[in-house]
Amino acid sequence: MVLGGLVSLLPKSGLQCPLPRAWVVLDPGHGGEDPGAINEAAGLVERDLTLDIARRAATMLEDDGYAVALTRNDNATGYANTPRGVIANDCGAFAYVSIHLNSFGEPDPNYALTLWGVEAKDAAFAAAMQAALVSHLRPGTGLGDSGLDQLENGGLLTARMPAVMVEPVFLSNPDEAARLADPSGARRQAIAAAVADGVDVWLRSRHLAPIAPSDRRGGWRGPAMRPEDPLLAPARGSAPQALGAALAAGAGRMDELWAYVDEVYRLAPLAGLDPAVVVAQSALETGWWQSPAWVEHLNPAGIDITGADVDSPTWASGTDAARAQIVHLALYASGPIPLDHPLAPYVTLDPRYDAARDAGRGGSARHIADLAGSWATDPQYASSIARVGNVIFGPQPLLAPERS
Ligand SMILES: [Zn+2]
């Protein structure tokens, strides 16, 4: 049944995330007519083990508060690699892990390996994951550490979020096979714990850990963003909300956008600015971070683009882009920035600072509405910022349900 086998592996159109807005997508390798590696002597089939491990890891991550989607949840379903990345993109996830088990024609090898596809997007996540695999799985087993490697895998290359493939152990190694086959499931549970820990460590390092159940009701529950809202106000929303909306919208330069959003949520409160307004203004000005000004120049908010035929200046990083926008907004909201202010080191990142100060813009904008006619000529500018802000921060991101 060669034809049937091929057809079942072709990408299906309309691949959908089983849990839209899941933060983590786990991909049990192989499936359907593709069993993956087999150890007949020990009765091990990679397809079945990867699903068992993925389910265990999903439960652990859900206990931590993450919403988790699996690309397949039965052994009859299988995809080629690229559709697995398509599913992860449809989820708008923050992390993608494809779970496999290694195999070799000789019995001896047994080491952990983590593979990445696109270095800028994946390599740091891969390093965190490999460290978790080794620290969880080596004790008492002599498991080797093969480090990281690149793999031109369709899932890793298609997934737009940080993505890795793990090969935690070799099912062809007799000692390891005995552990994997042990009915207690302890080894599979340990592999799942390693994967869950790698994901958790990585997302926490990016300030994307889920809100603790006790804090979930403490988020933004006030009225919607409105044009008459003050610029100088307590922080609303969160970096995960902003990044989740950006991923869902198809934002460009996600590597730099992570840094941009992180810096906005760190720095804007130091200037008294509501970071939610900063992010909403950027999303509006850059067309959800898809405009050439953002993609080619990392210009977060049309800074120094004074006409249709004027080239944008270029910022070196998303972090610098955030600093420039916050400096410019702080000038508008509070007036010239004192030399001992936390923003003072970043004033030089704003090419329009002197011109705006000299034009009397300092302290001219107390509310979002005051930016219309000064930052931008569009009379609908403030209501557009508020509309975008409500799209980003209105619906709370999906979190795993609380367990009683
Ligand atoms: Zn495999």
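Non-local amide H neighbours of residue 98 (under 5 Å, H modeled in plane, Pro and chain starts lacking H): which ones?
Here 27, 164, 165, 166 satisfy the definition.
Residue 252's amide H: which non-local residues (gap 5+, or another chain) put their own amide H closer than 5 Å, with H modeled 1.01 Å from N in plane and none for Pro or chain starts?
290
Could you tell me what a quarter of the Cα convex hull surface of the chain works out to, in nm² with one decimal place?
Approximately 22.8 nm², given one-decimal rounding.
Would you mind estimating how fast the range 245-377 diffuses translationally, via Stokes-Einstein at 25 °C and 0.890 mPa s with the Kirkwood radius over Cα pairs, in µm²/s? Show your work: numbers first, answer last.
On the way: Rh = 14.6 Å.
Answer from the Stokes-Einstein relation: 168 µm²/s.
Given an 8 Å cut-off on Cα distances and at least 6 residues of separation, report the relative contact order of the chain as a percent.
16
For an R0 of 60 angstrom, estimate the FRET efficiency from the Cβ-Cβ distance between residue 311 and residue 34 and round to the nearest 0.05.
My answer for the efficiency is 0.75.
Cα axis of helix 46-63 to longest principal axis of the chain: angle in degrees, 0 to 90, nearest 10?
Helix 46-63 sits roughly 40 degrees off the main axis of the chain.
At a 10 Å Cβ-Cβ cut-off, how would you order 24, 327, 201, 347, fewest neighbours first? Don't skip to the end; give the middle numbers.
Working: 24 32, 327 26, 201 15, 347 20.
In increasing order of surrounding Cβ atoms, one gets 201, 347, 327, 24.
Taking only DSSP H segments of four or more residues, each worth -39500 (n - 2.57), what value at 222 nm results for the chain once the sum is divided by all its residues, to the nearest 500 deg cm²/dmol?
Using -39500 (n - 2.57) per qualifying helix, the result is -13000 deg cm²/dmol.
Using 0.36 nm per residue, how much length does the chain from residue 387 to residue 348 gain when fully extended, once their Cα-Cα distance is taken away?
Going from the current span to full extension adds 10.9 nm.
Expressed as an acute angle from 0 to 90° and rounded to the nearest 10, what is the orientation of the C-alpha long axis of helix 381-393 relative to the principal long axis of the chain?
The angle comes out at about 20 degrees.
Hey, with R₀ at 25 Å, roughly what FRET efficiency would residue 106 and residue 141 work out to, going by the Cβ-Cβ distance, to 0.05? Could you put the intermediate results ahead of the total?
Values: r = 18 Å, r/R0 = 0.72.
Using R0 = 25 Å, I get an efficiency of 0.90.
Picking from 23, 374, 265, whose Cα lies most toward the positive end of the charge dipole for the chain (charges on Cβ: Lys, Arg +1; Asp, Glu -1)?
Value computed over the given set: 374.
By how many nm would the segment from residue 149 to residue 295 lengthen if fully extended, with 0.36 nm per residue of separation less the alpha-carbon distance?
Stretched fully, the residue 149-residue 295 segment lengthens by 49.7 nm.
Sort 15, 371 by Cβ crowding within 10 Å, fewest neighbours at the top. All intermediate terms of the calculation are to be shown ahead of the outcome.
Details: 15 17, 371 22.
In increasing order of surrounding Cβ atoms, one gets 15, 371.
Need the C-alpha centroid separation for the range 71-90 versus the range 289-327, integer Å.
Here the two parts' Cα centres lie 37 Å apart.
Once you treat every alpha carbon in the range 13-205 as an equal point and sum by Debye, what is log10 I(q)/I(0) at q = 0.08, 0.15, 0.16 Å⁻¹?
-0.22, -0.81, -0.93
Helix 81-91 versus the longest principal axis of the chain: what angle, 0 to 90°, nearest 10, using Cα atoms?
Relative to the chain, helix 81-91 is tipped by roughly 40 degrees.
Give, rounded to the nearest 20 debye, the magnitude of the charge dipole that the chain has about its Cα centre when Lys and Arg contribute +1 at Cβ and Asp and Glu contribute -1 at Cβ. The partial results should precede the final answer.
Working: 29 positive and 46 negative charges, 248 e Å.
Computed charge dipole of the chain: roughly 1200 debye.
Do any chymotrypsin sites (Phe, Trp or Tyr not before Pro) in the range 103-203 lie in a loop, going by DSSP, with at most 15 other beta-carbon atoms within 10 Å of their beta carbon, and if so which?
104
Here, each number is a calculation from the coordinates, and none is a lab measurement. What you see is a predicted model, and the numbers here were worked out from it, not measured in a lab. Heads up, the Cβs are rebuilt from the backbone with ideal geometry, glycines too, and the neighbour counts pull from every protein chain shown.
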